[in-house]
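Read the structure below first, then the notes.
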Amino acid sequence: MEDYRLSLERFFNEFSTFRGRFLEGYIQRLERFFNDLSFHYRVANEVKRYTDSIYRFLASDFNLVGIFCPDETRISGILALLLDPKGEHGQGDLFLEEFVNTLKGFLLNPTPLEDLTDFSTAKVSTEVSTDYGRLDILVEFPNGFAIAIENKPWAGEQFQQLERYVKYLEENYEGRYMLLFLSGSKREAVSLSGDLKQKLQREGKFLETSYGEFLKPWLLRCAKECESDKVRWFLRDFASWIEKNFGEV
């Protein structure tokens, strides 16, 4: 019995010594890692500050969109302004056509969008009041087709919110519509039943996507085609702000 007790004591003493050495080595490795990381971070910031001061045209910290910290309503307003063929950006229907082309690449069935050819007379509205709730953005085309956008950068959905919007769109556009659920960080829409969502997706009437996945590529495509330097820089700033606040996808 005595030998057994001594063996246990030896085991726990050796284990305690081993544990102490292991933890000491582990802590040292962690300290080295974070010291190296901190050093590289400081160097990167110093290089950034230096290049910004020498090459003043870079101004890498300046972002027009970030300055006014847009909320959900303001973001919807910006999107509507860009989509509007008569918008102050002066690029006509360029951005709206790019938007529709981007949508086609995401939809399981892009057929409903194939008939959209006249973008110049489309009507873009925000905060559209209906008996089923308020649509963030509504784009109405001269052929009777409509694209509704539910913009949710941060907030969640209300009870059956998207189902109510689908009902409104079905009643008012006779099935000729597309509903876009646009979230900040990609998440699934929860106010549509699974069966209805799958049906709408098969028909090309519903898409759930995110700022990083959809908006950012669209903005960069618009910036590439835009003929105004002022607007082009705004589009790039908007895309950069999205990446910083919501990530890639």
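The H on the amide N of His89, modeled in the peptide plane, is under 5 Å from the matching H of no residue at least 5 residues off or on a different chain.
Under the simplified labelling scheme, the Asp115-Trp233 pair shows an inter-label distance of 4.4 nm, with each label point 7 Å from Cα along Cα→Cβ. Calculated FRET efficiency, Gln198 to Arg32, Cβ-Cβ distance, R0 = 51 Å: about 0.50 to the nearest 0.05. 3J(HN,Hα) along segment 66-79, derived from phi through the Karplus expression 6.51 cos²θ - 1.76 cosθ + 1.60 where θ = phi - 60°, amounts to x, 4, 9, 6, x, 9, 4, 5, 5, 4, 4, x, 5, 4 Hz, with x in place of Gly and Pro. In segment 123-249, a dipole from Cβ-located charges (positive for Lys and Arg, negative for Asp and Glu) runs towards its positive end, and of Val139, Phe238, Ser193 it is Phe238 whose Cα lies farthest in that direction.
Each residue, Leu81 and Arg164, gets one label point 7 Å from its Cα in the Cβ direction; the gap between the two is 2.9 nm.
So if we plug the beta-carbon distance of Asn101 and Thr73 into 1/(1 + (r/R0)^6) with R0 = 30 Å, what FRET efficiency do we get, rounded to 0.05? That pair, Asn101 with Thr73, gives E of 0.65.
Counting only other residues whose beta carbon sits under 13 Å from that of Asp136, what net charge do I get with K and R as +1, D and E as -1? Display every interim value, and only then the final one.
Working: positive: Arg74, Arg134, Lys152; negative: Asp71, Glu72, Glu127, Glu150, Glu157.
Charge balance in the 13 Å sphere: -2.
Checking every one of the chymotrypsin sites (Phe, Trp or Tyr not before Pro) in segment 152-249 against DSSP loop status and a limit of 12 other Cβ atoms within 10 Å picks out Trp154, Phe159.
So what's the net charge close to Ala223: Lys and Arg +1, Asp and Glu -1, counting the other residues with Cβ under 15 Å from its Cβ? Counting the neighbours of Ala223, the net charge comes to -1. Shown in residue order for segment 143-148 are the 3J(HN,Hα) couplings computed by the Karplus curve 6.51 cos²θ - 1.76 cosθ + 1.60 at θ = phi - 60°: 8, x, 7, 9, 10, 9 Hz (x for Gly and Pro). Computed over Cα pairs, the Kirkwood radius of segment 175-217 leads via Stokes-Einstein (0.890 mPa s, 25 °C) to a diffusion coefficient of 225 µm² per second.
Qualifying GluC sites (Glu not before Pro) in segment 148-197, where qualification requires a DSSP coil assignment and no more than 10 other C-beta atoms within 10 Å, comprise Glu174, Glu188.
Checking the table Lys152/Lys199; Lys104/Lys244; Lys199/Lys224; Lys86/Lys199; Lys86/Lys224 against a 29 Å threshold on Cα-Cα, which pairs fail? From Lys152/Lys199; Lys104/Lys244; Lys199/Lys224; Lys86/Lys199; Lys86/Lys224, over 29 Å: Lys199/Lys224; Lys86/Lys199. With θ taken as phi - 60° and the Karplus curve 6.51 cos²θ - 1.76 cosθ + 1.60 applied, the whole-hertz 3J(HN,Hα) list for segment 189-204 is 6, 10, 9, 10, 5, x, 5, 5, 4, 5, 4, 5, 5, 4, 7, x Hz, x standing for glycine and proline.
None of the figures in this text is laboratory data; all of them are computed from the coordinates on show. Everything quoted here is computed from the prediction, not taken from an experiment. Every residue, glycine among them, receives a Cβ derived from its backbone with ideal geometry; neighbour counts consider all protein chains shown.
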